[in-house]
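Remarks on the structure that follows.
The values are calculated or read from the model by the stated rules, or taken from the named source; none is laboratory data. Keep in mind that what you see is a predicted model, and the values were worked out from it rather than measured. Note that each Cβ is placed from the backbone with ideal geometry, even for glycine, and that neighbours are counted across all protein chains shown. Note: areas computed on protein heavy atoms with side chains; ligands, DNA, RNA excluded. Shrake-Rupley method; radii C 1.70, N 1.55, O 1.52, S 1.80 Å.
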Protein chains: 2
Amino acid sequence: MLRLLSLLQSRREWSGHELADRLGVTERTVRRDVERLRSLDYPVTGTTGTAGGYRLGSGTHLPPLQLDDDEAIAVALGLVGAAGGGVSGMAESSMSALAKLEQVLPARLRPQLAAVGSAAEAIPRPGVPQVDPDALAVLARCCRNHEIVAFDYHGRQRGTTRRRVEPHQLLTLSWRWYLLAFDPGRDDWRIFRVDRITSVSPALHRFTPRVLDGPSYLLESFVSAQYEHTVVLTVEASSVDVTSTFEGVVRGIVEPLSPSSCKVRFSADSPAMLLTQVAAIAHLGSFTVDQATPETAALITQTGERLTQAFAGFR
Amino acid sequence: MLRLLSLLQSRREWSGHELADRLGVTERTVRRDVERLRSLDYPVTGTTGTAGGYRLGSGTHLPPLQLDDDEAIAVALGLVGAAGGGVSGMAESSMSALAKLEQVLPARLRPQLAAVGSAAEAIPRPGVPQVDPDALAVLARCCRNHEIVAFDYHGRQRGTTRRRVEPHQLLTLSWRWYLLAFDPGRDDWRIFRVDRITSVSPALHRFTPRVLDGPSYLLESFVSAQYEHTVVLTVEASSVDVTSTFEGVVRGIVEPLSPSSCKVRFSADSPAMLLTQVAAIAHLGSFTVDQATPETAALITQTGERLTQAFAGFR
DNA sequence: GCTCTTGCGGACACATCTTGTCCTCAAGGC
DNA sequence: GCCTTGAGGACAAGATGTGTCCGCAAGAGC
């Protein structure tokens, strides 16, 4: 039951099936446990229907739960990782937070946290743009409170423009932070890189949130027409092989066509970024190009020639 | 048990008899329940003797976790980021840890943490190898205590081998975790990918730590001869341009030669990995190859031809 | 209207756990 | 020494939690 409580705290909405899965019990038992929590005056609401689920209301103070081993390790690893990059000034903040957390934890967990904190270190990545933590905090608050927010956005093409949007979610993908927001002026969803955002100021106006699935939309948008340059390939390699080369390097969408071939879609806002992605899977097998912008094709053919010529002598 | 906990919170000291009376159970049961609370890390102290009794230690009220704003944001961002990948089972652990920490923070910071926790989300990267958090914890403890540790390592070339090393530091770079250790059998430093490590068991033997700078060694080793395949290029582009394309994709070492040219060194344990790196900077300007293994050159020339041919029709 | 999904809850068998009742031991105060 | 208090092992009986059924209700989408 304590685990159920902590699960309910950790996410806004859970389905009975998910809870049963996480807790390793059947859904019937989950229902019974929820019932018990309700009998103890915990405000657990359940909504029926396709979009149903369980939700823990707020307002009531919960018993002081303790972190378990995995959570302590998660905290330590998270803070160490956060120190590594992406957000400016994070290294000191995370390390001091780690030290303070260590004091508060039950004695059993203290060595765990201390060990990870002292033994682990994140190597900062050169070239990753730094994000202002205060900007992130303000944007997060506006997301949560459904407040319209205004900021300057330094786009690649149109220079700096003042935006006024309905922020919905912050997303992070490989050290970069993105803001998913609805732009009423353009009447469409937009994704902003937080490191290109400055002068954030909440407008103190509320908006009614629109429904959209955050992560999948961001992934979609990476391959959608939002970015100017798109490439679609048919590769003579299994989708598993292609996906496994994605590890840490490539992002795109893979659709298997047959056991030994698949279709891959990339999109980016510059041909140079596409080049890297295409090259990463070009060696897997022969492939054909289904779609590409002229600039991208020109860049890739030119680079392909350069590669061939430059390395020909070393064969 | 929840009633027992709330009773213990409501008064400083209780005798076992009183608690049994209030709860309508026997004293034996009270002792058992107290035992259970202790196993959940609730600091219940019991003193024997005439003036004895049970007392709930600190932790019942808000612990003195006085984080400042930046630290609170660091915790939230770190945990959200950690949920995104690299360590298996991390998503649930970090989210529940975030929820629990929220309960513990001073009221002023609670909205901050909640906002970031609810608004931010990490998009898991497909294909990133998962690391066992317990393995990380054990390795971290051994690093801290200077204990020799043994494990099975599933290397790329030599299959699985049992190693027995002096662990020094855990390093993380772009979602991967590495163990920097000294291998007495080989009398040299080694870097192990933690996701390839299984069956970790501390040997309970101490060693005297050797001096070495962790992060820089790891970076060095990426371009050193430890990896079989190395490429050295001279690029007609400024070192600034080259470094800025490194962002998130490329790792290597850049030495400026002149304002408009520089030398770049890559190393990896497979030619395919080098291909991506080389392609990422090949479009910046013309370049010459100073060094490359035959396999690498063959792969790159072949891929270059493929790229040129496949994209020629889209120019 | 229909169907599908989700939450809700009763009935029952079974395994597990808790509880109560013993017991001994340790520690502190008188 | 004596008493009181907490700590904990052993064991049987009873309570409780769980899984597997079942049907029902409410919301969403077609």
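So, in the stretch A:277-315, of the ones that are more than 7 Å from chain B (Cβ to nearest Cβ) and of a type in the set (Ser, Thr, Tyr), which residue ends up surrounded by the fewest Cβ atoms within 10 Å (Cβ to Cβ)? It comes out as A:THR293. When the stretch B:1-42 is filtered for residues that are aromatic (Phe, Trp, Tyr) and at pLDDT below 80, only B:TYR42 remains. At the interface with chain A (Cβ under 7 Å from one of its Cβ atoms) and not basic (Lys, Arg), is that true of B:LEU101? Taking the combined requirement at face value, the residue does not satisfy it.
So that you can scan it fast, the table gives a plain yes or no per residue for (1) within 15 Å of B:VAL200 (Cα to Cα); (2) in a strand (DSSP E or B):
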| site | (1), (2) |
| --- | --- |
| B:CYS143 | yes, no |
| B:GLN157 | no, no |
| B:ARG162 | yes, yes |
| B:VAL165 | yes, yes |
| B:TYR178 | yes, yes |
| B:ALA181 | yes, yes |
| B:GLY185 | no, no |
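Just one of (1) at pLDDT 80 or above; (2) open to solvent by 40 Å² or more (accessible area, probe 1.4 Å) fails for B:GLN226. It is (1). Restrict the check to the stretch A:263-271 and report whether at least one residue is among the basic types (Lys, Arg) and within 18 Å of B:ALA310 (Cα to Cα). The answer is yes, given that some residue of the stretch A:263-271 is among the basic types (Lys, Arg) and within 18 Å of B:ALA310 (Cα to Cα).
Please go through the stretch B:257-268 and pick out each residue that is open to solvent by 40 Å² or more (accessible area, probe 1.4 Å) and not aliphatic (A, V, I, L, M). The answer is B:SER258, B:PRO259, B:SER260, B:LYS263, B:ARG265. Among the residues making up the stretch B:10-58, a single one is under 36 Å from the mean Cα position of the chain (by Cα) and on the phi > 0 side of the Ramachandran plot: B:ASP41. Note down all Cβ pairs under 6 Å where the first residue falls in the stretch B:120-149 and is among the β-branched types (Val, Ile, Thr) and at pLDDT 90 or above, the second is part of a helix (DSSP H, G or I) and open to solvent by less than 10 Å² (accessible area, probe 1.4 Å), and they're at least six residues apart or on different chains. What qualifies is B:VAL149/B:CYS142.
Scanning the stretch A:19-48 for residues that are within 11 Å of DNA strand C (Cβ to nearest atom) and either of a type in the set (Phe, Trp, Tyr) or open to solvent by less than 60 Å² (accessible area, probe 1.4 Å) (or both) turns up A:LEU19, A:ALA20, A:THR29, A:VAL30, A:ASP33, A:VAL34, A:LEU37, A:VAL44, A:GLY46. Scanning the stretch A:115-142 for residues that are facing another protein chain (nearest Cβ under 7 Å) and in contact with an Asp or Glu (Cβ under 9 Å, 6 or more places away or on another chain) yields A:ARG125, A:PRO126, A:GLY127, A:VAL128, A:PRO133, A:ALA137, A:ARG141. Candidates B:THR160, B:THR172: the one that is at pLDDT below 90, among the β-branched types (Val, Ile, Thr) and not assigned by TED's automatic domain parsing to the domain that holds B:SER93 is B:THR172. Condition check: within 8 Å of chain A (Cβ to nearest Cβ), open to solvent by 10 Å² or more (accessible area, probe 1.4 Å), closer than 30 Å to A:ILE281 by Cα and modelled with pLDDT of 80 or more. Does B:GLY81 satisfy that? Yes: the conditions hold for B:GLY81.
Among the residues of the stretch A:115-147, those identified as closer than 17 Å to A:GLY81 by Cβ and open to solvent by less than 50 Å² (accessible area, probe 1.4 Å) are A:ALA115, A:VAL116, A:GLY117, A:ALA119, A:ALA120, A:ALA122, A:ILE123, A:ARG125, A:VAL128, A:VAL131, A:PRO133, A:LEU136. Within this structure, B:GLY16 passes the test of being surrounded by 13 or more Cβ atoms within 10 Å (Cβ to Cβ), outside the structural domain of B:VAL104 (by TED's automatic domain parsing) and of a type in the set (Gly, Ala, Ser). For the residues A:VAL232, A:VAL254, the requirement of being at pLDDT below 80 and either part of a loop (DSSP other than H, G, I, E, B) or surrounded by 15 or more Cβ atoms within 10 Å (Cβ to Cβ) (or both) singles out A:VAL254.
Does A:LEU2 qualify as being at the interface with chain B (Cβ under 7 Å from one of its Cβ atoms) and within 15 Å of DNA strand D (Cβ to nearest atom)? Considered against the rule, which asks whether it is at the interface with chain B (Cβ under 7 Å from one of its Cβ atoms) and within 15 Å of DNA strand D (Cβ to nearest atom), A:LEU2 comes out as no. Could you say whether any residue in the stretch A:91-106 is β-branched (Val, Ile, Thr) and open to solvent by less than 20 Å² (accessible area, probe 1.4 Å)? Taking every residue of the stretch A:91-106 in turn, none turns out to be β-branched (Val, Ile, Thr) and open to solvent by less than 20 Å² (accessible area, probe 1.4 Å).
Rundown of residues vs (1) more than 10 Å from DNA strand D (Cβ to nearest atom); (2) within 7 Å of chain A (Cβ to nearest Cβ), yes/no style:
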| position | (1), (2) |
| --- | --- |
| B:LEU19 | no, no |
| B:VAL25 | yes, no |
| B:ARG36 | yes, no |
| B:VAL44 | no, no |
| B:THR50 | no, no |
| B:ARG55 | no, no |
| B:VAL87 | yes, yes |
| B:ALA107 | yes, no |
